[in-house]
Amino acid sequence: MARRKKPENESPTEMRVRQIKEAISNHANRSEKVSWNRKMDNMVKLIAELSPIEQEILALMAAKNPILDNVQVLREVMVKECVHPYEHLAIHADYVECTFCFKKLSIPSEFLNREEDMIRTCDDGEET
Ligand SMILES: [Zn+2]
């Protein structure tokens with residue numbers, strides 16, 4: 001490992017910075033530095049192997065994005081024209097939610113007092 005050359009026309013600030021860096025980076029011995037630099041070379045090679053894969057990913061995303069855009073446009077139309085399909089309806093205590101368009105729908109009035117009706121029916125049954 002060649003010793004770093006002292007640069008010409010170094011300002012006092014530049015010299016101080018260089019000396020601080022040298023003092024720290026010279027704590028490791030020569031063989032530790034050689035070993036570490038070999039690992040750095042390996043890392044550079046591994047990162048270079050990533051490059052063609054990243055190109056493929058970019059190409060796949062370029063193919064994927066226009067399809068996703070079409071899905072988005074279609075979904076917006078379907079939300080606007082939603083028929084609230086059976087399989088997308090979730091019943092809550094006092095409303096029904098369509099899980100496709102996220103509208104909250106009223107429970108149809110003929111089903112509103114069902115529970116009360118059933119209790120009344122039971123009471124009637126006991127009385128007779
Ligand atoms: Zn809906």
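The numbers here are math on the coordinates, done by the rules we state, and not lab data. Small disclaimer: the values here were computed from a predicted structure and weren't measured. When we count neighbours, we look across all protein chains shown, and the Cβ atoms used for this are built from the backbone with ideal geometry, even at glycine.
Please tell me which of these pairs span more than 22 angstrom C-alpha to C-alpha: K80/K104; K21/K45; K64/K103; K6/K45?
Numbers: K80/K104 14 Å; K21/K45 27 Å; K64/K103 29 Å; K6/K45 31 Å.
Beyond 22 Å between Cα atoms: K21/K45; K64/K103; K6/K45.
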Label-point gap, in nm, between N26 and C82 - each point 7 angstrom along Cα→Cβ:
7.2 nm
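Using a 10 angstrom Cβ neighbour count of at most 13 plus a DSSP loop assignment to flag exposed chymotrypsin sites (Phe, Trp or Tyr not before Pro), which longest range of the chain is free of such sites? Show your work: numbers first, answer last.
Working: sites that count: Y95, F102.
No qualifying site falls inside 1-94, the longest such stretch.
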Once the dipole of the chain is set up from charges on Cβ (+1 Lys and Arg, -1 Asp and Glu), the residue from the list A90, N37, C101 lying farthest towards its positive end is N37
On the principal axes of its Cα set, how long, how wide and how thick is the chain? Give whole Å, largest value first.
110, 40, 32
